[in-house]
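Notes follow once the structure below has been shown.
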Amino acid sequence: MLATALASVALLPGLLTTPVADVKQDTKIPILLPASLTTQETKKLYGGGEGEARNYTFAVSTVKNCSANACSVASFSAMKGIAVYGDRKVTLAKGRKGRYIPLSCGGSCSPPSVVWKERGVVYEISTDATRAQLIKMANSAIRKGPR
């Protein structure tokens, strides 16, 4: 079995600094992001984001303006007014209760994710990472607080 090297990519400050500044102007939702992303990806990465009053999404990908699963590395999203989904319970920082959603494949595959609710907003971190790595990223986002 070959070991795969993991890299830690700085998000804030770093890859998502400019997208966060732009999205803050469009959303009323507190932006929660981990300080870094753990990934096996070796290609150059790009960050982007978009937001509206009740939601936002940040994406990390291997091409600019990626809109396909093939180039997507990670997404960080939030939406106000929905329920937490998933059935595998996890405990997160500051006593938050969340859910772990494993890799699922149908017509295409959705990477594993962790979701939790805070102040009426459901947050989700989705990337090809282990359950422990996803929980670590969620805990970082929770501890760092709004950006």
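Each reported figure results from applying straightforward, stated rules to the coordinates on display, with no laboratory input. Keep in mind that this is a model prediction, so the values were computed, not measured. Glycine also receives a Cβ, built like all others from the backbone with ideal geometry; neighbour counts cover every protein chain displayed.
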Of 92-103, 27-38, ordering from highest average Cβ density within 10 Å down gives 27-38, 92-103
Listing Asp22, Asp87 by rising number of other beta-carbon atoms within 10 angstrom, fewest first, gives Asp87, Asp22
Treating every alpha carbon of the chain as one equal point scatterer without solvent, the Debye formula yields log10 I(q)/I(0) values at q = 0.15 Å⁻¹ of -0.73
Sorting Pro30, Val20, Cys109 by the position of each Cα along the dipole of the chain (Lys, Arg +1; Asp, Glu -1; all at Cβ), the one nearest the positive end of that ordering is Pro30
Once Asn65 and Ala10 are pulled to full extension, the length gained, defined as 0.36 nm per residue separation minus their Cα-Cα distance, is 17.9 nm
Beyond 18 Å (Cα-Cα) in this structure, taken from Lys94/Lys136; Lys64/Lys144; Lys28/Lys80; Lys28/Lys94, we find Lys64/Lys144; Lys28/Lys94
Phi angles of segment 105-121, converted by Karplus (6.51 cos²θ - 1.76 cosθ + 1.60, θ = phi - 60°) into ³J(HN,Hα) in whole Hz with x for Gly and Pro, give 10, x, x, 9, 9, 10, x, x, 8, 10, 10, 7, 10, 8, 6, x, 10
